[in-house]
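First up is the structure itself, then whatever we jot down about it.
Where a number appears in this text, it was derived from the coordinates with a stated rule and is not lab data. All values reported here derive from a predicted model rather than from experimental measurement. Backbone-built Cβ (ideal geometry, glycine too); neighbour counts: all protein chains shown.
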Amino acid sequence: MKLSIFSRLTLGYFIIFVIMGIVNGYTLWQLHLISMGTKQIINVDERVLELKKKLSDTILSQMGYEKKFVITKDSIFHEQFLSSERDFSEHLKNALYIADTHDKTTCLNQIKNNYNLYYSLVMDEARRIKDKKPFLKDKNELEKEKLIDNILEDLKTLEYTTMKDVHLRMNTLSEAGSSSRALTLIMWITALVLVLFTSFFTTRSITKPLTSLMEKTKEISKGIFKSDLKIGSPPEMAEVTSAFNVMCDKLNKVDKMKSDFFSTMSHELRTPLASIKEGIGLLQEGVGGTITDKQQRLLTILTEESNRLIGLVNSLLDIAKMEAGMMTYHFSHENLAPLIQRAIQEISPLMEVKRIKIWLDTSEELPHEKIDKERMLQVLRNLISNAVKFTPEHGQIIISAYHENRGILFSVQDTGPGIPKENLHAIFEKFHQPPVKTSEWTKGTGLGLAIVKNIVVAHGGEVWAESELGQGSTFFVLLPS
């Protein structure tokens, strides 16, 4: 019985998962053991060593306070001795609580017994000093020093015992790690061989059909929607092939519908708008009779809004064609410098009204680039007109064009209000307007920069913006050589 692709994949991956589960389970168990050993060292041994140091420091401090009290009879030193006693008792209690071996517990109990004797001697001596009773000072000093020496010696023994436990645990962990590494390596190699074996025989049966599907997909991306794909086996791929051919048929229909839609839009929207515009023009020329000043102002407003609506329809149609991959480009080798001059000349009336200074900075000889002249002129118009719209009166615009290693870099810099950094990518999306205060100069459709991006990308280039609020904006276009 021949297994289907699904059955092969299921069986192959089941085997792989079982093997990987065993390997991972063993690895996790070893890691657990190592983790437990490491925690034991950190939570017990290192903690005991830390408490040993605190006990040593505290007992030495107490000894100093006790000697100062005997000499000066100042009660402050006695109080400091009592405070250190509380710290010592707390540290000793914690050490006894976490001690995990008999040797450690024995050392700590000896420390406790010696300390209790030392504490009793000191307190008895303090009472005699306060009551002004005589006592054998030299004998007491010898006994206290002997007890202190015993305590310090026991602390050293505790440190030695703890370090010995640390070394034993480290050796155990090292041996466990070495044995687990060897076994894990063997299991991983075995698992890898089985994975490669299973993957090879599973994928071989679908590699060729997938290659055919990939080639067909490339044809579709180029706008070729022929439903001529033929793959007979395995059964799953045959079903995919059938569905793929149906999809191609439907794409053909959708492609035709888009063409019909753009044709209809061009006729049904552009023609009436053009008629309205011409009619308004005739009325302004007095064809329908003399018009008043108020009527003239209304007709002027209608003319401006008609032009705005025509521009919006044209932009919508352009962006729709670009996104649908139906925009036709006519590439030829052109020089960018004359196109820049032409775009500046077309927008110069608005610059004169706003009294904006423009500076053109280009290299002497820009190389000819393979571009669509009209579409690249559209890019230049949009970028320069945007700069003029957002630049306040008496502002300035700097236009630069240079040839660099990657190609021709064109930029437009204005002195407008600037754009927040978080919006620098969004401004190239459809219908997105910069989040700045608008005016009569800055009204737009929000499609200009989206069109710019589509055209530049179609030329294999890049477009981006740099800006700071209150410092203006700079738009860059890079066209590859």
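Numbers for the structure displayed
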quantity: E285-L316 FRET efficiency (beta carbon distance; Förster radius 35 Å; 0.05 resolution); calculated: 0.70
quantity: 5 angstrom amide H check on G407, placed H, neighbours 5+ away; calculated: S481
quantity: Cross-link reach list, lysines versus K250, counting only Cα pairs under 18 Å and skipping chain neighbours closer than eight places; calculated: K216, K218, K222, K226, K230, K258
quantity: Peptide ranges 447-455, 45-53, 275-283 listed from the most packed, as the mean C-beta count within 10 angstrom indicates; calculated: 447-455, 45-53, 275-283
quantity: Distance violations [Cα-Cα > 26 Å] among K208/K253; K54/K144; K53/K133; calculated: K208/K253; K53/K133
quantity: Option label - log10 I(q)/I(0) by the Debye sum over Cα atoms at q = 0.06, 0.10 Å⁻¹ computed here, alternatives (i) -0.32, -0.84; (ii) -0.69, -0.93; (iii) -0.26, -0.75; calculated: (ii)
quantity: Label-point gap, in nm, between S332 and N423 - each point 7 angstrom along Cα→Cβ; calculated: 4.0
quantity: Gain upon complete extension [M20, L302; 0.36 nm per residue less C-alpha separation]; calculated: 94.1 nm
quantity: Axial C-alpha extent at least 18 Å, average Kyte-Doolittle at least -0.5 - helices from the chain (DSSP); calculated: 5-40, 46-72, 75-98, 137-221, 235-265, 271-284, 293-324, 336-354, 373-390
quantity: Dimensionless Rg/Rh of the range 22-97 - Kirkwood Rh, Rg from C-alpha atoms; calculated: 1.39
quantity: Simple Cβ-charge dipole of the chain, Lys/Arg +1 and Asp/Glu -1, about Cα centre, in debye nearest 20; calculated: 1000
quantity: Among G289, N386, F69 - extreme Cα towards positive end, dipole of the chain, charges at beta-carbon; calculated: F69
quantity: The chain, relative contact order [Cα under 8 Å, separation at least 6], %; calculated: 10
quantity: Approximate spin-label separation E153-L350, in nm, with each point projected 7 Å along Cα-to-Cβ; calculated: 9.8
quantity: Cα convex hull volume per residue for the range 15-162 (Å³); calculated: 99
quantity: Among 75-85, 13-23, the order from most to least packed when residues are scored by Cβ within 10 Å on average; calculated: 75-85, 13-23
